[in-house]
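Trainee: Structure in structure tokens, see below.
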Amino acid sequence: MINYKTIIFVFVLLITLISTQYWSEVRFFSFPIQVGIQIILVLFLIYYYFLKKKNNKSMKIFNIYLLWIFICLIRSFFVASNYWEWKTLLTSSLALSVVLFAFVFTNSNITQYVLKKWFKFFVPFFFIVYFFVSDHAYGLYFSPILLLLLIFPILPKRWKNYALIISLFVIIFSVSIRSSVVKFSLALLFSIIFYRVRIFYSIKSLNLVKNLFLILPLIFLTLASLGFFNIFKLDSYVTQDFISRFETKERIEKAGRLTADTRTQIYNEVIQSSIKNKYVLFGRTFARGNDSSMFGDHLAKELRTNKRERFKNEVSILNIFTWTGLVGVILYFLIFYKASYVAINKSNNFYIKIIGIYVSFRWAYAWVEDFTNVDISNVILWLMIAMCFSTEFRNMTNTEIKKWVHGIFR
């Protein structure tokens, strides 16, 4: 009999190690081995997807999204024309295949087992990893802690302390890494507000917050397009008096990086490229990137492709748009919409509702960053989405889910 729990944990273990390689002096795996692991992982997830059909009865939108990904993949084979485009086709399609984890983590036993093993081995393992990685890796490595912050009241006391210490460590020592600061700060804030402020005990209030996160990207995109307000130009709204409070030059530089506009030009390039090359609706496939004046010349010469394209950007939603078009973006949105909706409105416990709120926030944040990679951050994101979709998790009462959480740390 196949031990699915152990296999999934081994893959999560390997992905955790692979995740640190982006910011590490130590390479656990060469690129071919890394890709090989990811291919085997995707094949196993596809096998699990077809074997465990009962897990996807309420996940029809996933099936439609996966069908569109498959269509885009087939189209890509007719587009790729050189080594780098074939390589991009492979890595990009693998990155979007992480969504298949959602079908695994709807199973509460597998989810509990994987989290139990991860916290048991990888929290202490960080004391070794710390000496080889930069501060970029802290928040990425500790992505599973985000889940603990969202269910903070039902954690064992010891793990409440661990979750707080690790979160503060990430925020303080990764202060120049905007993504880590935002994700951990918001998760902490959610835990404080939603479990302390009684107004948020109502379904109506939670739906209001969810809907706000879901429509924020369109609001900000519209305001920026009309020239009224650009959320990425925060440095234009931060006064010199605020900056001068930072004592050292290094801290001033870090504060500047937190508010620096590193996205407006990327948005301009991606949108203009899609209009110019007429792939707004269906995307440019996994084999191609967007035309880029910032990086295109360098990449064309360095890679010898003679194409001024950037294959991948820091902004998750722009990658999905470039590869799969507006159709892919809409389907991607519907996954986040339904996950947060059923979590809030169809759950018997309050904790899945808060996870649903955080999932809606991650939709909004996909318009800011969230790298499109096979890494532990994306695995945990799809674990949370799976918990929202899972009837098993949503049918649990507050007492039952508390018992399930304590089983992770027993």
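Trainee: Out of MET59, TYR138, LEU100, whose Cα points farthest toward the positive end of the dipole of the chain (charges: +1 Lys, Arg; -1 Asp, Glu; placed on Cβ)?
Mentor: Among MET59, TYR138, LEU100, the one farthest towards the positive end of the dipole of the chain is MET59.
Trainee: Under a Cβ-only charge scheme (Lys and Arg +1, Asp and Glu -1), can you give me the dipole magnitude of the chain about the Cα centre, in debye to the nearest 20? Show your work: numbers first, answer last.
Mentor: Working: 46 positive and 20 negative charges, 287 e Å.
Computed charge dipole of the chain: roughly 1380 debye.
Trainee: Identify, among ILE352, LEU14, HIS298, the residue whose Cα sits farthest towards the positive end of the charge dipole of the chain, taking +1 on the Cβ of Lys and Arg and -1 on the Cβ of Asp and Glu, with the dipole about the Cα centre.
Mentor: Of the options given, the answer is ILE352.
Trainee: Quick one: accessible surface of TYR337, probe radius 1.4 Å, all protein chains present, in square angstrom to the nearest 10.
Mentor: Roughly 90 Å² of TYR337 is accessible to a 1.4 Å probe.
Trainee: Going by the alpha-carbon gyration tensor, a ≥ b ≥ c the square roots of its eigenvalues, is the range 1-98 rounded (a/c under 1.5) or, if a/c is not under 1.5, prolate (a/b greater than b/c) versus oblate?
Mentor: oblate
Trainee: Assuming 0.36 nm per residue, please report the length gained on full extension of the stretch TYR130 to ILE203 beyond their Cα-Cα distance.
Mentor: That works out to 22.1 nm of additional length.
Trainee: Take the alpha carbon atoms of the range 112-134, find their center, do the same for the range 136-195, and report the distance between the two centers in whole angstrom.
Mentor: Between the Cα centres of the range 112-134 and the range 136-195 lies a distance of 15 Å.
Trainee: Near VAL104, within a Cβ-to-Cβ distance under 12 Å, what is the net charge of the other residues, with Lys and Arg +1 and Asp and Glu -1?
Mentor: Charge balance near VAL104 sits at +2.
Trainee: For ILE71 and LYS160, compute 0.36 nm times the residue count separating them, minus their Cα-Cα distance, and round to one decimal in nm.
Mentor: Length gained, ILE71 through LYS160: 27.6 nm.
Trainee: Longer than 24 Å from Cα to Cα, which of LYS117/LYS210; LYS120/LYS157; LYS60/LYS120 are they? Say none if no pair is.
Mentor: LYS117/LYS210; LYS60/LYS120
Trainee: Tell me the relative contact order for the chain as a rounded percent, counting alpha carbon contacts under 8 Å between residues six or more apart.
Mentor: 25 percent
Trainee: So, one more: Short version: what are the Cα gyration tensor semi-axes of the chain, square root of 5 times each eigenvalue, largest first, in whole Å?
Mentor: With the √(5λ) rule applied to the chain, the semi-axes are 31, 27, 23 Å.
Trainee: Can you give the FRET efficiency to the nearest 0.05 for ASN211 and PHE282, using r as the Cβ-Cβ distance and R₀ = 35 Å?
Mentor: It comes out at approximately 0.80.
Trainee: Leaving out ligands and nucleic acids, and using a 1.4 Å probe, what accessible area per residue does the range 284-410 come to in Å²?
Mentor: About 34 Å² of surface per residue is accessible.
Trainee: Amide H to amide H, which residues 5 or more places from GLU309 or on other chains are under 5 Å from it, using H placed in the peptide plane?
Mentor: Placed amide hydrogens put SER292, ALA300 under 5 Å from GLU309.
Trainee: Label ASP297 and VAL26 with points 7 Å out from Cα along Cα→Cβ: what is the distance between them in nm?
Mentor: Inter-label distance under the simple model: 4.1 nm.
Trainee: Suppose the chain between LEU43 and HIS406 were pulled fully straight at 0.36 nm per residue; how much longer would it get relative to their current alpha carbon spacing?
Mentor: Between LEU43 and HIS406, full extension yields an extra 127.5 nm.
Trainee: Residue by residue through the range 396-410, which ³J(HN,Hα) values in whole Hz follow from phi under the Karplus form 6.51 cos²θ - 1.76 cosθ + 1.60 (θ = phi - 60°), with glycine and proline marked x?
Mentor: Listing the rounded values in order: 5, 7, 4, 5, 5, 6, 5, 5, 5, 5, 5, x, 5, 9, 5 Hz.
The values are calculated or read from the model by the stated rules, or taken from the named source; none is laboratory data. Just so it is clear, the structure is predicted and the values come from calculations on it, not from any experiment. When we count neighbours, we look across all protein chains shown, and the Cβ atoms used for this are built from the backbone with ideal geometry, even at glycine. Quick note on the areas: whole protein, heavy atoms, side chains included, nothing else; ligands and nucleic acids left out. Shrake-Rupley method; radii C 1.70, N 1.55, O 1.52, S 1.80 Å.
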